[in-house]
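Here the structure is laid out as C-alpha cells; the discussion comes afterwards.
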C-alpha cells in the first residue's frame with residue numbers, strides 16, 4: 001500500500017474578530033484548533049482561574065489587514081456583492097468568487 005496521507009480538513013489556527021469571542025466559540029475551537037481571538041472591549045475581564053487566552057498580536061494584525069484590504073477591493077470595484085442584494089447564499093458566493101478571479105487577474109497580469 002502506498003504511503004498516502006489525506007490533506008488536513010481542519011485548520012491549525014483560526015484568527016477571529018472580537019465579535020467571535022464567546023465561551024461557546026472558544027470551547028468548540030479548544031478541541032483541536034488554536035484560536036487567536038482578542039478579548040472584546042465590553043468583556044475585558046479574563047477568567048479568574050486558569051491561563052489567559054492565547055493571542056498572537058502580529059499574526060492577528062497581518063490577517064486583519066489582509067481581510068480589510070480584500071473587502072476594500074470588493075466594495076470599490078464590485079457594487080453588487082458589496083451591497084448583498086442576492087437572495088440566495090450560493091449566488092452571493094458565486095459573485096464573490098467571480099470578483100476574486102477578476103481581482104486576481106487585474107493584480108497578477
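The values are calculated or read from the model by the stated rules, or taken from the named source; none is laboratory data. Just so it is clear, the structure is predicted and the values come from calculations on it, not from any experiment. Note that each Cβ is placed from the backbone with ideal geometry, even for glycine, and that neighbours are counted across all protein chains shown.
Within the stretch 79-92, residues that are in the same structural domain as residue 103 (by TED's automatic domain parsing) have Cβ atoms under 7 Å from residues that are assigned to a loop (DSSP other than H, G, I, E, B) and surrounded by 11 or more Cβ atoms within 10 Å (Cβ to Cβ) in these pairs: 92/84; 92/86, counting only partners at least 6 apart in sequence or on another chain. A search for C-beta distances below 7 Å between a residue of the stretch 95-108 that is in a helix (DSSP H, G or I) and any residue that is surrounded by fewer than 10 Cβ atoms within 10 Å (Cβ to Cβ) and modelled with pLDDT of 90 or more, counting only pairs 6+ apart in sequence or on different chains, returns nothing. Looking across the stretch 57-109 at every residue that is in contact with a strand residue (DSSP E or B) (Cβ under 9 Å, 6 or more places away or on another chain) and surrounded by 14 or more Cβ atoms within 10 Å (Cβ to Cβ), the one that is nearest to residue 39 (Cα to Cα) is identified as 60.
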